[in-house]
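This report concerns only the one structure given below.
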Ligand code: NAD
């Protein structure tokens with residue numbers, strides 16, 4: 001059976017890359033990119049696009065009705081740093097958007113739904129190193145507890161209504177095709193752009209702030225592999241931990257210097273994103289994803305840095 005896929009929040013950092021990957025697999029016409037904002041060039045010119053506000057249930061219903069999707073990827077959300085500036089809006093978008101899609105997954109008998117969670121579900125009392133799949137979770141950002149509540153809703157809709165919803169707790173994602181949308185790990189993308197454009201960068205996180213990160217190629221492959229995994233192999237419908245690469249601004253800068261020897265990094269004081277970063281894990285244990293659906297990361301720090309710089313240099317020349 002051919003798939004018909006809706007990607008909601010398609011213009012963002014992940015959506016841009018996911019839509020391209022899905023269109024490569026299923027054919028352009030089968031993947032409908034949806035977003036509240038005007039589509040970017042790469043999305044608009046490669047297949048169908050619909051304006052969708054995931055909070056407008058009537059509008060969303062029309063789109064489901066028109067396209068009769070077999071799979072839905074819900075990416076529209078407010079990220080951690082922006083969410084702290086607009087906490088009620090973040091809660092509303094992240095919760096109501098998810099519940100609207102889960103309700104329509106039941107009504108339209110959608111075969112599979114993907115909804116991303118985040119390492120932000122962990123908090124100051126979670127183990128900081130090799131944070132396990134199951135442990136104390138006391139997130140203290142609106143983004144974090146909206147993701148944790150979202151995970152519980154995914155488990156609930158799966159258990160009560162049989163919705164085949166799948167999720168990953170993405171680490172901070174690094175890619176060269178699209179800009180990040182206001183998260184705490186954005187520095188790890190901005191640093192590459194600045195390194196090429198100006199040879200220097202001021203990090204909003206302190207030099208020894210370790211966080212789990214992942215190259216976008218790995219994140220997209222993980223998403224597609226999880227969606228292809230047999231349902232019976234999945235032991236959780238909350239987000240799967242993915243370890244990725246743990247590094248600090250200092251180690252990332254040292255890696256960039258191997259390619260751009262004159263690159264200089266400095267560090268800002270008192271950025272509000274520091275407190276968010278300090279409440280998150282420094283490294284993640286992803287044994288459950290390895291065991292359940294064979295997850296294996298490909299890009300380490302050196303390989304990611306080389307690929308980012310090579311591609312961004314092409315973009316800027
Ligand atoms: P992003 O901010 O780059 O993109 C979100 C997209 O959603 C934007 O194109 C925006 O226009 C759209 N949108 C916003 N409100 C909408 C609405 N009401 N209706 C329809 N569309 C709307 O986000 P991203 O980085 O691509 O993240 C996608 C998902 O992955 C989010 O759920 C995020 O929490 C999760 N995630 C991302 C990261 C990361 O590092 N990027 C890490 C962990 C989890």
Given the criterion at pLDDT 95 or above and under 29 Å from residue 157 (Cα atoms), identify the matching residue among 277, 289, 253. 289
Which members of the stretch 41-59 meet the condition of being within 14 Å of the ligand (Cβ to nearest atom), part of a loop (DSSP other than H, G, I, E, B) and without any contact (Cβ under 8 Å) to a residue 40 or more places away in the chain? 53, 56
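Does residue 112 satisfy being surrounded by fewer than 22 Cβ atoms within 10 Å (Cβ to Cβ) and in contact with a strand residue (DSSP E or B) (Cβ under 7 Å, 6 or more places away or on another chain)?
Taking the combined requirement at face value, the residue satisfies it.
Considering the stretch 153-182 alone, what residues qualify as being in contact with a helix residue (DSSP H, G or I) (Cβ under 8 Å, 6 or more places away or on another chain) and assigned to a helix (DSSP H, G or I)?
Of all residues in the stretch 153-182, those in contact with a helix residue (DSSP H, G or I) (Cβ under 8 Å, 6 or more places away or on another chain) come to 153-154, 157, 161, 163-182.
Selection gives 153, 154, 157, 161.
Name the one entry in 68, 30 that is more than 15 Å from the ligand (Cβ to nearest atom), crowded, with 19+ Cβ neighbours inside 10 Å and over 25 Å from residue 174 (Cβ atoms).
From the options 68, 30, the qualifying one is 30.
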Mind listing whichever residues of the stretch 1-53 are over 24 Å from residue 185 (Cβ atoms) and at pLDDT below 95? 1, 2, 38, 39, 41, 44, 45, 46
Assuming residue 185 fulfils every condition listed in (1) assigned to a strand (DSSP E or B); (2) near the ligand (Cβ under 9 Å from one of its atoms); (3) under 15 Å from residue 249 (Cα atoms) apart from one, which condition is it? (1)
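Kindly indicate whether residue 62 is within 15 Å of the ligand (Cβ to nearest atom), in the same structural domain as residue 118 (by TED's automatic domain parsing) and under 27 Å from residue 120 (Cβ atoms).
On the way: within 15 Å of the ligand (Cβ to nearest atom): yes; in the same structural domain as residue 118 (by TED's automatic domain parsing): yes; under 27 Å from residue 120 (Cβ atoms): no.
In short, no.
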Does any residue of the stretch 297-317 turn out to be without any contact (Cβ under 8 Å) to a residue 12 or more places away in the chain, surrounded by fewer than 17 Cβ atoms within 10 Å (Cβ to Cβ) and under 18 Å from the mean Cα position of the chain (by Cα)? no
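For residues that are touching a helix residue (DSSP H, G or I) at 6+ places or on another chain (Cβ under 7 Å) and within 30 Å of residue 88 (Cα to Cα), tally how many sit in the stretch 44-70.
Narrowing the stretch 44-70 to residues touching a helix residue (DSSP H, G or I) at 6+ places or on another chain (Cβ under 7 Å): 46-50, 52-55, 57, 60-61, 64.
Then keep just the ones that are within 30 Å of residue 88 (Cα to Cα); that gives 49-50, 52-55, 57, 60-61, 64.
Final tally of qualifying residues: 10.
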Out of all the residues in the stretch 1-12, which are more than 17 Å from residue 226 (Cβ to Cβ), in contact with a helix residue (DSSP H, G or I) (Cβ under 8 Å, 6 or more places away or on another chain) and within 16 Å of the ligand (Cβ to nearest atom)? 6, 8, 9, 10, 11
Single match in 165, 142 (criterion: within 16 Å of the ligand (Cβ to nearest atom) and over 24 Å from residue 209 (Cα atoms)): 165
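Within the stretch 142-152, restricting attention to residues that are in contact with a helix residue (DSSP H, G or I) (Cβ under 6 Å, 6 or more places away or on another chain) and either surrounded by fewer than 23 Cβ atoms within 10 Å (Cβ to Cβ) or without any contact (Cβ under 8 Å) to a residue 12 or more places away in the chain (or both), which residue is nearest to residue 220 (Cα to Cα)?
Here is the first cut: in the stretch 142-152, the ones in contact with a helix residue (DSSP H, G or I) (Cβ under 6 Å, 6 or more places away or on another chain) are 142-144, 146-148, 150.
If we keep only those that are either surrounded by fewer than 23 Cβ atoms within 10 Å (Cβ to Cβ) or without any contact (Cβ under 8 Å) to a residue 12 or more places away in the chain (or both) too, we end up with 142, 148.
Details: 142: 25, 148: 22 Å.
Taking the candidates together, the pick is 148.
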Determine if the stretch 76-87 includes at least one residue that is touching a strand residue (DSSP E or B) at 6+ places or on another chain (Cβ under 9 Å) and in a helix (DSSP H, G or I). yes
For the stretch 246-279, how many residues meet the condition of being touching a residue at least 60 places away in the same chain (Cβ under 8 Å) and part of a strand (DSSP E or B)? 4
Which of the numbered conditions does residue 107 fail, given that it passes all the others? Conditions: (1) more than 13 Å from the ligand (Cβ to nearest atom); (2) touching a helix residue (DSSP H, G or I) at 6+ places or on another chain (Cβ under 7 Å). (2)
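Please go through the stretch 114-139 and pick out each residue that is in a strand (DSSP E or B) and either more than 13 Å from the ligand (Cβ to nearest atom) or at positive phi (or both). Quick ask: steps written out before the conclusion?
So the first thing to find is which residues in the stretch 114-139 are in a strand (DSSP E or B), and the list is 114, 117-118, 131.
Selection gives 131 alone.
The values are calculated or read from the model by the stated rules, or taken from the named source; none is laboratory data. Since we're looking at a predicted model, the values are computed, not measured. Neighbour counts run over all protein chains shown; Cβ positions are idealised from the backbone, glycine included.
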